[in-house]
């Protein structure tokens, strides 16, 4: 018996997928993608970084921490960017601007940490 493969995106069943995958594909609403997956996670990173800084954690822990966060940050930015692309008008453009600034800030932060 042969199995027929159906593309979930073209059939509209992709929305029922895993939360992480739905965010990655930009299928979550813009408020959820931006406020939950972008802003809240960024605040969590910031707080953890400040705790590490106040405890005088050196580069021996800071660099591995940043390397662990890198795939999460990529997921966070790509999904939010794609969700913003699905939204016409001011809010889609505004969120893309915030994500672009966040990417620039991340690149500068990594450059400072490595040098």
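The values are calculated or read from the model by the stated rules, or taken from the named source; none is laboratory data. Computed from a predicted structure; not experimentally measured. Note that each Cβ is placed from the backbone with ideal geometry, even for glycine, and that neighbours are counted across all protein chains shown.
Say we look at segment 52-71 and pick out the residues that are surrounded by 13 or more Cβ atoms within 10 Å (Cβ to Cβ) and without any contact (Cβ under 8 Å) to a residue 40 or more places away in the chain; which of these is nearest to the chain's Cα centre (by Cα)?
That would be 69.
Among the residues of segment 18-28, are any modelled with pLDDT under 50, in a loop (DSSP other than H, G, I, E, B) and either surrounded by 13 or more Cβ atoms within 10 Å (Cβ to Cβ) or more than 18 Å from the chain's Cα centre (by Cα) (or both)?
No, because not a single residue in segment 18-28 is modelled with pLDDT under 50, in a loop (DSSP other than H, G, I, E, B) and either surrounded by 13 or more Cβ atoms within 10 Å (Cβ to Cβ) or more than 18 Å from the chain's Cα centre (by Cα) (or both).
What are the residues in segment 72-98 that are surrounded by fewer than 10 Cβ atoms within 10 Å (Cβ to Cβ) and part of a helix (DSSP H, G or I), if any?
Hit for segment 72-98 is 90, nothing else.
Which of (1) over 18 Å from residue 32 (Cβ atoms); (2) modelled with pLDDT under 95 does residue 87 not meet, given it meets every other one?
Going through the list (1) over 18 Å from residue 32 (Cβ atoms); (2) modelled with pLDDT under 95, residue 87 breaks only (1).
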